[in-house]
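The values are calculated or read from the model by the stated rules, or taken from the named source; none is laboratory data. Just so we're clear, the structure is a prediction, and the values are computed from it rather than from any experiment. Neighbour counts are summed over all protein chains in view; Cβ atoms, including those assigned to glycine, are modelled from backbone coordinates with ideal geometry. Surface areas here come from the heavy atoms of the whole protein model, side chains and all, with no ligands, DNA or RNA. Shrake-Rupley method; radii C 1.70, N 1.55, O 1.52, S 1.80 Å.
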Amino acid sequence: MHADTVNRKAEALAALASVPSEPGAPKPDPILVVDNVVRRFGGLTAVEVEHVEIQRGSITALIGPNGAGKTTFFNQLTGFDTADSGAWTFNGKPMNGVSAHQVARRGMVRTFQLTKALSKLTVMENMRLGAQKQRGENFFRALFSGLWQPQEDEITVRAEELLERFKLGAKRDDFAGSLSGGQRKLLEMARALMVGPELVMLDEPMAGVNPALTQSLLGHVKDLREQGMTVLFVEHDMDMVRDISDWVIVMAQGTVIAEGPPDTIMADARVIDAYLGAHHDAPLTTAEAEEQLHQAEAELEAEIEEKA
Amino acid sequence: MDWTLIFSRAVEAGIGTEAVIYALAAIGLNIHFGYTGLLNFGQAGFLAVGAYGVATTVATLGLPFWLGIVIGLAAAVLFALLLGIPTLRLRADYLAIVTIAAAEIVRLVVRSVALQGTFGGTDGLEAFSDDFYGMNIYSPGQYGIGPIAFDHRTLWVLTVGWILVAAACAVVYLVMKSPWGRVLKAIREDEDAVRSLGKNVFSYKMQALVFGGVIGSLAGFLFALSRAATQPDLFSTELTFFAYTVLILGGAARVFGPVLGAVIFWCLLILVKTGMEEAVNHQVITFITVNQVGSINYMLVGLGLVLLLIYRPQGILGDKREIALDAR
């Protein structure tokens, strides 16, 4: 198992070794290729991505300051919002205009920044819901439990395995609404796996999770790669990104400004500028410093309010 | 005061035609609102479509009774599709607005002067229920236990009605414990999450709307047949609101919630009404007249509903745990 772990990571890193650290760099085996995706809200261009490829079997992080358009970009790709223009392919098949549920069926499954546990369903029911091609989801077949019960039993076994893996086994009959924030994140990830995805898209999987659980969540994300899935995730926490990702894509003001291996990216001047402002190392007058301080505080407060 | 009269009237109402009709209407609403979270405020429209489907086919067009039933059911399905196609992609509150308007449109169309020849205007239609009563298995007379008694026509309506209620409950029970029902309940919680798991949310909401609407149209059939006549103003919005009261009283998202709610609602309504009438007639209550009893009765219904929502929002059969989670 351990040797295998090293292999998958090594494989991903080896495949990405020869890729230049430039925005829009072509990858040897892309699972997702995005071209010229644009989304405007009135006068504001929220997303304008020229070209991005996601390497199959890797963990790719999508980072960027608040309002960079990461989540909007996610929404375009997964059919939760309609792009104004652009095209993208998943496994070589065009995906624009495909509705959200079709995207999921084709193997591209997402989670949400604000966790969407189905509170009044039990943890087990949440899990079962993720399974695809259920015979009992047809109204007329639903009337005859003999037609779907055997499949339901198989689904339950699979769900139990996943719940054990995510340490939620003891919670299987609790309402999802009674779980803690971190457990809901785990449940959402486990539920997404019930779909049997090829590409897992996690929107801020670590947001609002206590540090103790963060490590376990990180382990689960790495685990996805070991099982042959591709992971694309949005994150704020740089340390986390450095720890688990094979490749990092940086967005700012709707566009991809840089991409590359985590260590290269952390040192990239464009990235530091995007996060800290272009003149963060230039000498300041006292007045300017004061003003920037106020601005930063205001932004922080806005962020806190947004989260609350 | 005649206590026997008061209690026998109350029991008769609790198992009588109104209770059956409201039970069926609320079972339909339970599928919409209780399980799927669709805020349908136009259930009266589904009843009207069912009632006028059968009445128009038989009384106006002179076609057979059973064809009328089929047309009534088909009309309910069509009504659900018409409502759902433009609104189910929108937020839940839009559905509430559109359904309340659509139900009113149905009522105004069937009472319009221009279509009086077809739907009978404000007088409505009659003479379409002979075939139904022709199938009556009871011979003419009064049937009952002690002071509680129904004539053979009412008893026939009640027999058919309670069989329909039982059948509807059985179907709801079966589908709601299946994966199909699980998808509906999940949609009620968060439809984006359900989309992200590869389910066609629009299709499921439409199926729920049709299913609940068809059960509503069964209530419409019984409404028309029990009176052997149908008038447009029977299907005003207050019918929908009473059905919601029944549903919330019994407990939403529970198979027997609407049935229990309907029985208790009508039992209490008539108990209080007859009780007040008797009290006024026997000078126990002197400050109101018999004519005012009806209005006061409905005020008490409103008060009761308010108290219910404050102290027992989950209804009689509901699960407190499920409600508490909303107060996160």
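Computed from the C-beta positions of B:L300 and B:D233, the FRET efficiency with R₀ = 25 Å rounds to 0.60.
What does the charge add up to near B:L90, with Lys and Arg as +1, Asp and Glu as -1, over the other residues with Cβ less than 13 Å from its Cβ? Before the final figure, lay out the partial values.
Working: positive: B:R89, B:R91, B:K205; negative: B:D93, B:E191.
So the surrounding residues net to +1.
Extending 7 Å from Cα along the Cβ direction at B:W3 and again at B:A74 yields two label points whose distance is 5.6 nm. For the peptides A:287-296, B:226-235, A:39-48, A:115-124, the ranking by packing is A:115-124, B:226-235, A:39-48, A:287-296, with the highest mean count of neighbouring Cβ atoms within 10 Å listed first. Measuring only protein heavy atoms, the 1.4 Å probe finds A:H51 accessible over about 50 Å². Taking a straight line from the alpha carbon of A:K185, these aspartates and glutamates sit under 13 Å away, with near neighbours fewer than eight places off in the same chain left out: A:D203, A:E204.
A straight line joining the Cα centroids of the stretch B:29-89 and the stretch B:247-309 runs 29 Å.
Each label point was placed 7 Å from the Cα along the Cα-to-Cβ direction; for A:A10 and B:L61 their separation is 7.7 nm. Once both labels are positioned 7 Å from their Cα atoms along Cα-to-Cβ, the gap between B:D123 and A:T156 label points is 6.2 nm.
Counting pairs of alpha carbon atoms under 8 Å apart in space and at least six apart in sequence, what relative contact order in percent does chain A give?
Numbers: 519 pairs, mean separation 74.9, N = 308.
The normalised contact order for chain A reaches 24 percent.
Between A:E297 and A:N138, the contour length at 0.36 nm per residue exceeds the alpha carbon distance by 51.9 nm.
Per DSSP H run of at least 4 residues, take -39500 (n - 2.57); add these up for chain A, divide by its residues and hand me the 222 nm value, nearest 500 deg cm²/dmol.
On the way: 12 runs with 136 residues, N = 308.
Using -39500 (n - 2.57) per qualifying helix, the result is -13500 deg cm²/dmol.
For B:N291 and B:Q142, what is the calculated FRET efficiency with R₀ set at 30 Å and r taken between the beta-carbons, to the nearest 0.05? Numbers along the way, then the final one.
Numbers: r = 30 Å, r/R0 = 0.99.
For R0 = 30 Å, the calculated efficiency reads 0.50.
Take every pair of alpha-carbon atoms less than 8 Å apart whose residues are at least six positions apart; their mean separation over the length of chain B yields a relative contact order of 33 percent.
In whole Å, how far is the Cα centre of the stretch B:101-140 from that of the stretch A:1-74? Rounded to whole Å, the Cα centres lie 64 Å apart.
Close amide-amide hydrogen proximity is noted between A:I257 and A:V250, A:M251, A:A252, each under 5 Å apart and 5 or more residues distant or on a separate chain (H modeled in the peptide plane; Pro and chain starts excluded). Could you list, in their original order, any pairs among A:K27/A:K171; A:K167/B:K199; A:K120/A:K307; A:K222/B:K199; A:K9/A:K133; A:K27/A:K307 whose Cα atoms are separated by more than 30 Å? Long pairs (Cα-Cα over 30 Å): A:K27/A:K171; A:K9/A:K133; A:K27/A:K307. State whether the stretch B:1-148 is rounded, prolate or oblate according to the following rule on the C-alpha gyration tensor (a ≥ b ≥ c being the square roots of its eigenvalues): a/c under 1.5 gives rounded; otherwise a/b larger than b/c gives prolate, and the remaining case gives oblate. It comes out oblate by the Cα gyration axes.
Under 19 Å of direct C-alpha separation, and excluding same-chain neighbours fewer than eight residues apart, B:K273 reaches these aspartates and glutamates: B:D2, B:E12, B:E18, B:E238.
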